[in-house]
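This report concerns only the one structure given below.
The values are calculated or read from the model by the stated rules, or taken from the named source; none is laboratory data. This is a predicted model, so every value here is computed, not measured. Here the Cβ is made from the backbone with ideal geometry for all residues, glycine too, and neighbour counts use every protein chain on show.
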Amino acid sequence: MLEIKSLHAGITDQEILKGFSLSAKSGEIHAIMGPNGSGKSTLANIIAGHPGYEVYSGTIKFGNSDVLALAPEERAQQGIFLAFQYPMSIPGVSVAHFLRLALNAQEKAQQKTLTGVAGFIKILRTEMKVLGIPMSFAERSVNDGFSGGEKKRLEMLQMLVLNPKLVILDEIDSGLDIDAIKIVANAVHILRERNSEVTFLIITHYQRLLDYITPTTVHIMQDGIIVKTGGSELAHALEKSGYVGL
Ligand code: ADP
Ligand code: MG
């Protein structure tokens with residue numbers, strides 16, 4: 001379902017991914033762990049189509065699509081969703097308006113009937129209730145003055161509204177307390193209950209989040225490649241002995 005083959009990529013003059021390969025089936029949860037600077041965010045950004053990175057060689061296939069041949073918005077329309085490590089704020093644009101535009105853009109691309117205002121408010125109410133987010137959140141400007149936890153909640157709300165097929169969470173747990181981590185894990189479980197085919201790439205520095213989301217597979221990434229792959233026990237081993245110990 002997701003097949004990344006010997007990906008070499010980076011920024012001008014600096015190779016960051018040095019032959020990265022990974023293959024994940026539908027419905028699997030793959031955790032990618034690794035020290036800072038190992039290229040985890042670069043990988044996430046390249047899958048989503050960030051224009052600041054250059055792919056020198058290698059392939060990314062998702063379902064039948066050649067991901068690298070698609071524009072970033074086409075990737076999103078095909079169900080690729082990246083929750084950002086540092087979400088941007090958009091002063092003057094409300095959460096409700098932003099999410100409806102995002103949903104409508106996706107519906108348009110998929111030639112579906114566009115959800116109108118009334119219908120959207122119903123969806124939003126339901127999803128906010130599911131995530132335990134107060135309705136007042138909907139009228140605030142996107143990420144403007146949001147706490148770290150609120151930003152991540154909005155990423156999860158966006159995920160549930162857009163109903164993606166491939167979810168990439170890039171260090172969504174960094175700086176979050178346990179309650180906020182549980183909200184993220186809960187959102188992941190809800191999406192999986194709705195659609196057991198969703199594939200997850202969970203990028204994290206710490207094992208903590210994986211106490212609440214059990215991964216199918218854990219990969220350790222170092223200097224642009226995967227150096228070790230195992231089951232969920234690998235995350236625990238890492239917690240005990242650190243990256244150096246492995
Ligand atoms: P991680 O997410 O694992 O911490 P990154 O993918 O953010 O790693 O970064 C990997 C390496 O590439 C780091 O040395 C980082 O400084 C460098 N790097 C990543 N993106 C950029 C960029 N846009 N400009 C300059 N250097 C970058
Ligand atoms: Mg990172």
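Just give me the residues in the range 120-174 being without any contact (Cβ under 8 Å) to a residue 40 or more places away in the chain and touching a Pro at 6+ places or on another chain (Cβ under 9 Å), in sequence order.
Across the range 120-174, the qualifying residue is only M128.
Restricting attention to the range 176-212, report how many residues are part of a loop (DSSP other than H, G, I, E, B) and more than 14 Å from L234 (Cα to Cα).
Adding up the residues that qualify gives 7.
Is it the case that the range 70-92 has a residue that's away from ligand 1 (no atom under 15 Å from the Cβ) and over 30 Å from F137 (Cα atoms)?
Taking every residue of the range 70-92 in turn, at least one turns out to be away from ligand 1 (no atom under 15 Å from the Cβ) and over 30 Å from F137 (Cα atoms).
Given the structure, is L17 farther than 16 Å from D170 by Cβ, modelled with pLDDT of 95 or more, buried (at least 21 other Cβ atoms within 10 Å of the Cβ) and touching a helix residue (DSSP H, G or I) at 6+ places or on another chain (Cβ under 8 Å)? Quick ask: steps written out before the conclusion?
On the way: farther than 16 Å from D170 by Cβ: no; modelled with pLDDT of 95 or more: yes; buried (at least 21 other Cβ atoms within 10 Å of the Cβ): yes; touching a helix residue (DSSP H, G or I) at 6+ places or on another chain (Cβ under 8 Å): yes.
Taking the combined requirement at face value, the residue does not satisfy it.
This table checks each residue for (1) modelled with pLDDT of 95 or more; (2) exposed (fewer than 12 other Cβ atoms within 10 Å of the Cβ); (3) out of contact with any Lys or Arg (no Cβ under 6 Å at 6 or more places or on another chain).
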site	(1), (2), (3)
Q106	no, no, yes
Q111	no, yes, yes
T115	yes, no, yes
K129	no, yes, yes
I133	no, no, no
F137	no, no, yes
G145	no, yes, yes
G148	no, no, yes
K152	no, no, yes
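Say we look at the range 170-187 and pick out the residues that are of a type in the set (V, I, T) and crowded, with 22+ Cβ neighbours inside 10 Å; which of these is nearest to ligand 2 (Cβ to nearest atom)?
That would be I172.
Considering only residues that are crowded, with 19+ Cβ neighbours inside 10 Å and not in a loop (DSSP other than H, G, I, E, B), look in the range 213-224 and name the one that is farthest from ligand 2 (Cβ to nearest atom).
Looking at the filtered set, the residue picked out is V218.
Scan S94, S174 and give me the residue that is in contact with an Asp or Glu (Cβ under 7 Å, 6 or more places away or on another chain) and among the small types (G, A, S).
S94
If the Cβ limit is 6 Å and pairs must be 6+ apart or interchain, which residue in the range 89-116 that is free of Cβ contacts under 8 Å to residues at least 12 places away in the same chain pairs with which residue that is assigned to a helix (DSSP H, G or I)?
L114/N104; L114/E107
What number of residues within the range 23-47 are hydrophobic (A, V, I, L, M, F, W, C) and within 13 Å of ligand 2 (Cβ to nearest atom)? Don't jump to the end; show me each part of the working.
Residues of the range 23-47 hydrophobic (A, V, I, L, M, F, W, C): 24, 29, 31-33, 43-44, 46-47.
With within 13 Å of ligand 2 (Cβ to nearest atom) added as a condition, the list becomes 32-33, 43-44, 46.
Residues flagged as hydrophobic (A, V, I, L, M, F, W, C) and within 13 Å of ligand 2 (Cβ to nearest atom) within the range 23-47 amount to 5.
Results for (1) small (G, A, S); (2) more than 18 Å from N186 (Cβ to Cβ); (3) touching a helix residue (DSSP H, G or I) at 6+ places or on another chain (Cβ under 6 Å), shown as yes or no for each residue.
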site	(1), (2), (3)
I90	no, yes, no
R100	no, yes, yes
K108	no, yes, no
K151	no, no, no
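Just checking, how many residues over the range 30-48 are on the phi > 0 side of the Ramachandran plot and surrounded by fewer than 21 Cβ atoms within 10 Å (Cβ to Cβ)?
1
Count, please, the residues in the range 49-83 that happen to be within 16 Å of ligand 2 (Cβ to nearest atom) and surrounded by fewer than 20 Cβ atoms within 10 Å (Cβ to Cβ).
Final tally of qualifying residues: 3.
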